[in-house]
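Down below is the structure, laid out as structure tokens.
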């Protein structure tokens, strides 16, 4: 199950919801991965916005569940606003809560984005699977590798260009089960049982952490154009 869903309101509107949660990452002594809280907020916000936009949602509100320190709220809110502004949503509403009654041994942060809209596929005639190519954009990274190899991650501005590209069909932010898992689900959705094992120049079987890589499908005859957009971040999938 992806951390993105549409819900219908009683008035007939479509509400889009995406969420992500991180724990054991931050500046507390008990955290397994040490990083600044602005980095934690940035990476968590990255995931929820990528899920929202890849699903076709247009975000208008963010809620924060802060399990770090009480005085980190300003840092987290600043990163939320920075990310949303960079992606073209400067007026997004931010609210939330901080756990200040109990001192937690590990940091935790949950972010939910609420939006409106419809699927990216709405009104589009999808080509058959024989006319689609598949690629990984970015590199699967998690843990300390996210900090050390951040330039290998798919940049947010590149992600947004792909979301808006007429010849890009599926966009799946990579999750903890790996790109191969998401690729198999896409193939099965087309009514085809994968017979071959996919391979690429990046590891398809490891966690993508904070959506450091995405899986895309695209019109095969536009592969050169997609490659030119993504450069060294483009890793075609073959079977």
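We did not get these values from a lab; they are worked out from the coordinates using the rules stated. The structure displayed is predicted, hence computed values, not measured ones. When we count neighbours, we look across all protein chains shown, and the Cβ atoms used for this are built from the backbone with ideal geometry, even at glycine.
Look at 49, 21, 234 and count the other Cβ atoms within 10 Å of each Cβ; fewest to most, that gives 21, 234, 49. Which of (1) 1.20; (2) 1.03; (3) 1.10 is the computed Cα Rg over 2.2 N^0.38 Å for the structure on display? Entry (2). From least to most packed, judged by other beta carbons within 10 angstrom and beginning with the fewest, 182, 219 follow the order 219, 182.
So what is Rg over Rh here for the stretch 4-117, counting just Cα atoms and using Kirkwood for Rh? Don't skip to the answer; put the middle values down first.
Details: Rg = 14.4 Å, Rh = 14.4 Å.
Computed over Cα atoms, the ratio is 1.01.
Rounded to the nearest whole angstrom, the semi-axes of the ellipsoid equivalent to the stretch 54-129, taken from the Cα gyration tensor as √(5λ), stand at 33, 14, 10, largest first. Here, P(r) means the percent of Cα pairs in each 10 Å bin from 0 to the largest distance; for the stretch 130-236 it is 15, 50, 30, 4.
Please order 181, 37 by the number of other Cβ within 10 Å, starting at the fewest. Walk me through the numbers before you get to the answer.
Numbers: 181 15, 37 23.
With the fewest neighbours first, 181, 37 line up as 181, 37.
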